[in-house]
Structures are given as C-alpha cells and as structure tokens.
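One structure below.
The values are calculated or read from the model by the stated rules, or taken from the named source; none is laboratory data. From a predicted model like this one, the values you see are computed outputs, not experimental measurements. FYI the Cβ positions are ideal-geometry reconstructions off the backbone, even for glycines, and counts take in every protein chain you see.
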Amino acid sequence: MMMNMLMIIMVMFIFGNMIFVSKHKHLLIILLSLEFIVLAIFFFFVMYLNYINNDMYMLMIFLLFSVCEGALGLSILVSMIRTHGNDYFQSFNML
C-alpha cells in the first residue's frame, strides 16, 4: 500500500516537473505546475511523517510557505495582466 502511494507521488512530481520545464506560453500553466509539485511534496511529507510517527508541525510550516508562494505567484500574474494585457511570455521583453 505504501509503495503504491509512493509511486503515485513520484509520478505526480515527475509530471509536474515535465510541465514546468516544457515550453509553455502562459504564466498560469507554469504556476499551476508549481502548485502541483508542491502538492506532491506535501503528500510525501504526510506519508513520511506518518511513517516515522512524528508530529505534524512541519506540515503547517510547509503549508504556510506554499500558500505564500501561491499568493505571490497570483499577484505577479495579476500585475502582469494589468500592465501587458495578457499572460503570454512572448508579448513582452523578459529583460
């Protein structure tokens, strides 16, 4: 049972990294792939901390940082849409 869950988590992590590394035009897709990677890491932490019978305080800290990362990404997305009109990477100069 645990090996099956570990394999699912690894597949989630690999798919999230493949989407992040591949060339997409939209910033929203990249932000969603980052959140998918964070979700896979969260599931891994849950399984690991349950396996070693440890407290779950580290999960609260991890969730705090992941929520802050998500809010920062959405604020960057909103400011980019307000200044450039869309979230295409090709529509503005990255320098």
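What are the pairs with Cβ atoms under 7 angstrom where one residue, in region 60-88, is on the phi < 0 side of the Ramachandran plot and the other, located anywhere, is of a type in the set (D, E, K, R)? Sequence gap at least six, or different chains.
As it stands, the answer is GLY70/GLU35; LEU77/ASP87; MET80/ASP87; ILE81/ASP87; TYR88/LYS25, since those pairs meet every condition given.
Does region 46-60 contain at least one residue that is aromatic (Phe, Trp, Tyr) and surrounded by 15 or more Cβ atoms within 10 Å (Cβ to Cβ)?
no
In region 52-78, which residues are charged (D, E, K, R) and modelled with pLDDT under 85?
The answer is ASP55, and nothing else.
Somewhere in region 83-95, is a residue assigned to a helix (DSSP H, G or I), among the β-branched types (Val, Ile, Thr) and modelled with pLDDT of 90 or more?
The answer is no, given that none of the residues of region 83-95 is assigned to a helix (DSSP H, G or I), among the β-branched types (Val, Ile, Thr) and modelled with pLDDT of 90 or more.
For (1) within 20 Å of VAL78 (Cα to Cα); (2) modelled with pLDDT under 95; (3) not β-branched (Val, Ile, Thr), each residue gets a yes or a no:
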| residue | (1), (2), (3) |
| --- | --- |
| MET1 | no, yes, yes |
| MET5 | no, yes, yes |
| ILE8 | no, yes, no |
| PHE13 | no, yes, yes |
| MET18 | no, yes, yes |
| LYS23 | no, yes, yes |
| HIS26 | yes, yes, yes |
| ILE30 | yes, yes, no |
| SER33 | yes, yes, yes |
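Of the residues MET47, MET12, only one is over 14 Å from the mean Cα position of the chain (by Cα) and more than 20 Å from ASP87 (Cα to Cα); which?
Answer to the check: MET47.
Could you list all residues from region 40-63 that are among the β-branched types (Val, Ile, Thr) and either more than 16 Å from VAL11 (Cβ to Cβ) or touching a strand residue (DSSP E or B) at 6+ places or on another chain (Cβ under 9 Å) (or both)?
Scanning region 40-63 gives VAL46, ILE52, ILE61.
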